[in-house]
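Here the structure is laid out as structure tokens; the discussion comes afterwards.
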């Protein structure tokens, strides 16, 4: 399973953990892995409203993805997805809600239609994801350092090259010293 695109503003690593956790549970129920689990391609898009949905097909649909999810984006920095539903929070999205959506879409990848299975229950979700389970927002990308002036970059490269050649010079001195010792040995033993 690979998340090939995630614009939801949520941590891809954490969403993948939820997918894997739910799939492991389904594997126990079904007695087999999802038919295309190893090659499953997932795209997750973010939305500004509190709407979520998904699409999945048995053996994919022939496009770029096998599972397509739309999830609400966090509205402010540091917003978490929490297990317990918290009323009144803007753009709140629970872990249980995401796990239910993942379970539903993975059932389609097994080949089931809506009338052929039951959704995951609240006690099952509590067992899979305890109350302390939170999903952090996607980490902010690290700020790039300001570019150095061209002359500074070239000067730093020259210093690095000098250091390399000084190291080579020391190794050459040691190698020459060893050669001189061997030459002296042969001169004393065989030539004199």
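The alpha carbon radius of gyration of the range 144-192, expressed as a multiple of 2.2 N^0.38 Å, is 2.17.
The stretch between residue 159 and residue 183 holds 5.1 nm of extra length on full extension. This uses 0.36 nm per residue minus the Cα-Cα distance. Going by neighbour counts of Cβ atoms within 10 Å, the residues 183, 15, 191, 3 line up, fewest first, as 191, 183, 3, 15. Residue exposure proxy: 59, 108, 52, ordered by other Cβ atoms within 10 angstrom of their Cβ from fewest to most, comes out as 59, 52, 108.
The slack between residue 173 and residue 121, meaning 0.36 nm per residue of separation minus the straight C-alpha distance, is 11.2 nm.
Every number in this text was worked out from the coordinates using simple rules, so none of it is lab data. From a predicted model like this one, the values you see are computed outputs, not experimental measurements. Here the Cβ is made from the backbone with ideal geometry for all residues, glycine too, and neighbour counts use every protein chain on show.
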